[in-house]
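Before any comments, here is the structure.
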Amino acid sequence: MLKKDISLCEDSVFCQKPKCQLDHSRQYQGFCIYLYNLQMQNGEDQQLKCLIQNCKLKHHSEETYQSKLNTQPINGIYHHNLCETQCEDYKCQYVHVKWAKGICNKALFGTCKSQECKDKKRHLNWQSLRQEAYSKYNIEILGQQYNPENLDLDENCRRILEKDFKFCIPYFQGKCPFKQCSKLHKQWEELKNSHNFQFLFKPCTQLEKNQISENYQQYKISEAQLFCEEQQLKKLKYNVNKSNFIDIIFIMDLTGSMKPWKQQMELHIQHIIEQFQAENLEIQIRVGFVGYRDIGDKEKIVYHPLTDQVKSIISFVKSQQAKGGGDEAEDIIAGLEQALKLNISQYPQSLLITYLFCDSPNHGRQYHNETESIEDQLKSQISLNALESVILKFKTKKKNSYFFCVEITKKTQSMYNIMRKNFENLSILKVDQTEDFSELVQFTLSKTIEASLRSSQFSLNGGNNSYISNNFIKAEYERFQQKDLNYQAENKQLDYWKQFIKNLNAHQQLGETYLQLNEKNEDFDVEYANYDERIDEFYSGIISTGQVYRTSIMGTNNYTQNTQLKIQKEQRTCVYKGFDAIQNKYIIIKIPTTYIKEFEDSKKNGKPISQESIKQTEDYARARYYTTNIANQMAYKFRNKLQKLNIDGIPPIFYVDCSIYKLEKPFKGITTIYGETFIVGNKDWRKITSNQCSLTKNQAKEFYYTSFSHFTYEESQENLVILDLQGIGNILTDASIQTKTNYSMELQMDDTNLREIGLENFKKQHRQCSIICKRLRLSRKGFSEQQMDLNTIEWNGGDIHYICQICKQINSCLLSEYKNEKEMKCSECKKLEYLEEEIECRCCKKIYKSKLSKEILTLYQYKHCPTCILECHKKKKQCYYCECYHKDDLVDIENEYGGYSICVDGNRYLQGLKCKICQAKFNMINEKLSPEQYNKNFYICKNH
């Protein structure tokens, strides 16, 4: 029937209005909708006429309209829809189909009597034309013929088209009112040759819905594994984005003569960056700034770290004044050295572009033009190759490093030529006026990308990914949820730390994940071995009295009286890189080298590794897990105290996040492993303190870090101390906890715990307290030696690293930002807290809205709408074969073998299953296939 409660769109299927809410059903195509709407509004009794000039559509009364819609269509197309001539005019408002080509339109209802017409066109009635069209365009499924007119009679076929192929059934029938429908709009005639519907009649276990990808067909689908694949792709995309970093550093002379160039930067830099990013959407740009003056100036160096917030760079530059300078030569070397200290991306494929704007050369006669006299009070005091050595650092800092020297005056010619000789990717840009600034930067940015692409050094796809593996291992993980300790009464602190491991086990986040592990011991593959070797130094020292035993994970080392320990520095642990899908991070797995050697030997000899070695190694993993978490909790409380007392003389200390993993199948013969966040940037790794009696000269330069060790000693009431501080920046790893004997049996399994010797070494190492100790009001209780003069060395401030409170990833920020936030959250996690996404339910396939952070936290219900969680997921009713559990997809079967459920896909498959010998149909009432028989896609009935 024609609809009276809603107006039809006058433009019908040709409507171009994206938000039009009127009816656009194809069944009305060919009718003049303008006239029909007038009739609906004014009543049919009035003599109404179409006012559209040269209207070629059909004009009828409502009764005639209805009678035409009551005729039987062909593939959803009515007679009044058809173009009478089947013309090729793209402006024609009628339907054109192949099966009506060359047919006399009048003959379809017996009104054509012309012999001449019969000689030119085919004359068939509507019924005959229908049979002819059906014979060409019907689709066959299990021996049954289907067309739009009989789809409503077979729920099985309708489900295939609607649910599996996402087709719009009403559109096939000419009745879909929507121009933009949630289902696919396709002409029925297009299905015949473009889709093979027989492939759907497979066992439900072999359908695409139960496969993640061709690489993972051996696994059953699960929430964790699907999440794993999606998170791996996200992580790879994240790293591609990281690889597509362009770090741009502007180094600028900020003496008085450079004021016009500073102003040009303020005016144009934001527009330049925004325009470049609009043209290169896959590339992320960060900008940093370094301003330098001369040696005697009060503010010789000013800088802003690299950031993607270009407005903050502009504000910073505006806040600076072009002033000072003294003599004509300037301290360019200091500006270059500061630029190298900025937070340049550690990702090997990222790009570094540096611009140097100056109108005078550096101090030193060797950098001045021979023909010009440059006023330089230090011209004889600058060592040879001083500038050359610094510019070489730009060359080695990044593989993809480009440097542009802007020649504002000829005074810098000699200096720039010397710099270019030492750095082949250095270019000299000559400019005549300050207005050239914008064009110069835009041009060089574009050309640099082109050059780097040609040399295959930089890829918009992130370059070659050196680590991609399909080896997933299912694992259960344990991870400690950090808690505030303020509820602990001071007189119970001893009990707290003694009971910490018990408390840790009670506050763990448990879950399921998939790990992607590299079977190779990483040099990284050269890169990380050095890192690990530096971390895992063995210790040397003198034990003066008594016989002491140090328990090692792989045995006992006997240290006898007056023996000098000279233990060779070697790689103590083998390191394997991995990816944790749920926690969405790259990790490193550490296993003792002695165990790996034993494991490899056992493989060569064909003998199983001893259970004792496996147990010791898994105990070692737990010991490292407990040690790192205690260090993390101590650092958490230490940061809180620094904040409370407003102490800035030491950076906030973080330890890397860690987990313990219980693997479904062994890795290197063990099923319990320790993993921690992979830290990028091992070149910047340093050993800050040791667990020996004294510090090296370099370690003494950061003596303020020992106040953290002192804090842990007092916090535990002299029962433990954290030593051997090491890591990158203020992110530490591989904590070494020294305890009293029998204080914690779990911590004694860690072979870096020297127990009483370690505690005594700390006291000797800390004969002198730091000024930070005094500010923290730490006591000397437990120290036998008197307090020496305070060590007044303090941290000089700057950028810091932090670990996000939510995702536990490592990020960077300004100290002021950290102080304002206290415990930082990265920008991505802040977005996730409020980000709501439209998600297709994996169960019912309907779209629902959910916060992404909630989806991740409720992994066992990942991508399930609230209705399906209650009505499907938790009821545990599932298909006997493929284990799907959507209530609307399950069919209950009762037969002589008992009751069971099967999904509609499995039911459809069994209904069409025939005996390979006699072609008898499978009888679900009298027979039941085992999962093994079902998956073979091969059936022989009981008669054979």
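The values are calculated or read from the model by the stated rules, or taken from the named source; none is laboratory data. Treat the numbers as computed from the prediction; the structure is a model and nothing was measured. We place every Cβ from the backbone using ideal geometry, glycine too, and count neighbours over all the protein chains shown. Side chains included, ligands, DNA and RNA excluded: accessible areas come from the protein's heavy atoms. Shrake-Rupley method; radii C 1.70, N 1.55, O 1.52, S 1.80 Å.
Can you pull out the residues in the range 300-350 that are aromatic (Phe, Trp, Tyr) and open to solvent by 70 Å² or more (accessible area, probe 1.4 Å)? Don't jump to the end; show me each part of the working.
Kept after step one, since they are aromatic (Phe, Trp, Tyr), are these residues of the range 300-350: 303, 316, 347.
The one that is aromatic (Phe, Trp, Tyr) and open to solvent by 70 Å² or more (accessible area, probe 1.4 Å): Tyr303.
Whether any residue in the range 76-87 is of a type outside the set (S, T, N, Q), more than 55 Å from the chain's Cα centre (by Cα) and either assigned to a loop (DSSP other than H, G, I, E, B) or at pLDDT below 90 (or both) is what I want to check.
yes
Output the residues belonging to the range 163-175 that are modelled with pLDDT under 85 and either open to solvent by 50 Å² or more (accessible area, probe 1.4 Å) or of a type in the set (Lys, Arg) (or both).
The initial filter retains those residues of the range 163-175 that are modelled with pLDDT under 85, namely 163-166.
Across the range 163-175, the qualifying residues are Lys163, Asp164, Lys166.
Restricting to the range 884-912, give me the number of residues that are more than 18 Å from Ile160 (Cα to Cα), part of a strand (DSSP E or B) and of a type outside the set (S, T, N, Q). Walk me through it before giving the result.
Looking only at the range 884-912, we keep the residues that are more than 18 Å from Ile160 (Cα to Cα), and these are 885, 892-901.
Keeping just the survivors that are part of a strand (DSSP E or B) gives 892-895, 898-901.
From the residues that got through so far, the ones that are of a type outside the set (S, T, N, Q) too are 892-894, 898-900.
Summing the residues that are more than 18 Å from Ile160 (Cα to Cα), part of a strand (DSSP E or B) and of a type outside the set (S, T, N, Q) in the range 884-912 gives 6.
Can you spot a residue in the range 706-713 that is assigned to a helix (DSSP H, G or I), without any contact (Cβ under 8 Å) to a residue 60 or more places away in the chain and open to solvent by less than 10 Å² (accessible area, probe 1.4 Å)? Spell out the reasoning first.
From the range 706-713, those assigned to a helix (DSSP H, G or I) are 706-713; that's our starting set.
Subsequent filtering for residues that are without any contact (Cβ under 8 Å) to a residue 60 or more places away in the chain retains 709.
Now drop any that are not open to solvent by less than 10 Å² (accessible area, probe 1.4 Å), which leaves 709.
Within the range 706-713, one or more residues are assigned to a helix (DSSP H, G or I), without any contact (Cβ under 8 Å) to a residue 60 or more places away in the chain and open to solvent by less than 10 Å² (accessible area, probe 1.4 Å).
Output yes when any residue across the range 104-120 is surrounded by 13 or more Cβ atoms within 10 Å (Cβ to Cβ) and either of a type in the set (Val, Ile, Thr) or assigned to a strand (DSSP E or B) (or both), and no when none is. I'd like the intermediate steps shown before the answer.
Of all residues in the range 104-120, those surrounded by 13 or more Cβ atoms within 10 Å (Cβ to Cβ) come to 104-108, 112, 114, 117-118.
Narrowing the set further to residues that are either of a type in the set (Val, Ile, Thr) or assigned to a strand (DSSP E or B) (or both) leaves none.
Looking for residues that are surrounded by 13 or more Cβ atoms within 10 Å (Cβ to Cβ) and either of a type in the set (Val, Ile, Thr) or assigned to a strand (DSSP E or B) (or both), one finds none in the range 104-120, hence no.
Scan the range 874-897 for residues that are surrounded by fewer than 19 Cβ atoms within 10 Å (Cβ to Cβ), modelled with pLDDT under 80 and out of contact with any Asp or Glu (no Cβ under 6 Å at 6 or more places or on another chain) and jot them down.
Selection gives Lys874, Lys875, Lys876, Lys877, Glu883, Asp888, Glu896, Tyr897.
Taking into account only those residues within the range 773-793 that are part of a loop (DSSP other than H, G, I, E, B) and under 20 Å from Asn640 (Cβ atoms), which is least open to solvent (accessible area, probe 1.4 Å)? Walk me through it before giving the result.
At the first step, the residues of the range 773-793 found to be part of a loop (DSSP other than H, G, I, E, B) are 776-790, 792-793.
Within this subset, residues satisfying the condition of being under 20 Å from Asn640 (Cβ atoms) are 776-779.
On the way: Leu776: 1, Arg777: 178, Leu778: 23, Ser779: 51 Å².
Filtering the range 773-793 for residues that are part of a loop (DSSP other than H, G, I, E, B) and under 20 Å from Asn640 (Cβ atoms), the one least open to solvent (accessible area, probe 1.4 Å) comes out as Leu776.
Being farther than 28 Å from Ala621 by Cβ and either open to solvent by 20 Å² or more (accessible area, probe 1.4 Å) or modelled with pLDDT under 90 (or both) narrows it down to one residue among Lys668, Lys687, Lys662, Lys697; which is it?
Working: Lys668 fails: farther than 28 Å from Ala621 by Cβ; Lys687 fails: farther than 28 Å from Ala621 by Cβ; Lys662 fails: farther than 28 Å from Ala621 by Cβ.
Criteria check complete, one pass: Lys697.
May I ask you to say which residue of Asp247, Asp308 is closer than 26 Å to Asn811 by Cβ, modelled with pLDDT of 80 or more and within 28 Å of the chain's Cα centre (by Cα)?
On the way: Asp308 fails: modelled with pLDDT of 80 or more.
After ruling out the rest, the residue left standing is Asp247.
Which of the residues that make up the range 645-680 are assigned to a loop (DSSP other than H, G, I, E, B) and either over 28 Å from Ser707 (Cα atoms) or hydroxyl-bearing (Ser, Thr, Tyr) (or both)?
Taking the range 645-680 first, the residues assigned to a loop (DSSP other than H, G, I, E, B) are 646-653, 656-657, 668-669, 678-680.
Across the range 645-680, the qualifying residues are Lys668, Gly669.
Taking the conditions exactly as written (charged (D, E, K, R), open to solvent by less than 20 Å² (accessible area, probe 1.4 Å) and either out of contact with any Pro (no Cβ under 9 Å at 6 or more places or on another chain) or assigned to a loop (DSSP other than H, G, I, E, B) (or both)), does Arg624 satisfy them or not? Lay out the reasoning, then the answer.
Working: charged (D, E, K, R): yes; open to solvent by less than 20 Å² (accessible area, probe 1.4 Å): yes; either out of contact with any Pro (no Cβ under 9 Å at 6 or more places or on another chain) or assigned to a loop (DSSP other than H, G, I, E, B) (or both): yes.
Yes: the conditions hold for Arg624.
Is it true that Asn926 is under 44 Å from the mean Cα position of the chain (by Cα) and either in a loop (DSSP other than H, G, I, E, B) or β-branched (Val, Ile, Thr) (or both)? Reasoning before the result, please.
Values: under 44 Å from the mean Cα position of the chain (by Cα): no; either in a loop (DSSP other than H, G, I, E, B) or β-branched (Val, Ile, Thr) (or both): yes.
No.
Can you go through Ile139, Ile160 and tell me which one is in contact with a strand residue (DSSP E or B) (Cβ under 8 Å, 6 or more places away or on another chain), at pLDDT below 80 and within 21 Å of His185 (Cβ to Cβ)? Even if it seems obvious, please write down each step before you answer.
On the way: Ile139 fails: at pLDDT below 80.
So the residue among Ile139, Ile160 that is in contact with a strand residue (DSSP E or B) (Cβ under 8 Å, 6 or more places away or on another chain), at pLDDT below 80 and within 21 Å of His185 (Cβ to Cβ) is Ile160.
Taking the range 844-863 as the region of interest, how many residues are open to solvent by less than 70 Å² (accessible area, probe 1.4 Å), modelled with pLDDT of 75 or more and closer than 26 Å to Pro203 by Cα?
If we filter the range 844-863 for residues that are open to solvent by less than 70 Å² (accessible area, probe 1.4 Å), which is where we start, we get 844, 848, 850, 852-853, 855-856, 858-859, 861-863.
Those left that are additionally modelled with pLDDT of 75 or more: 844, 848, 850.
Filter once more, so that each one left must be closer than 26 Å to Pro203 by Cα: 844.
Total meeting the criteria: 1.
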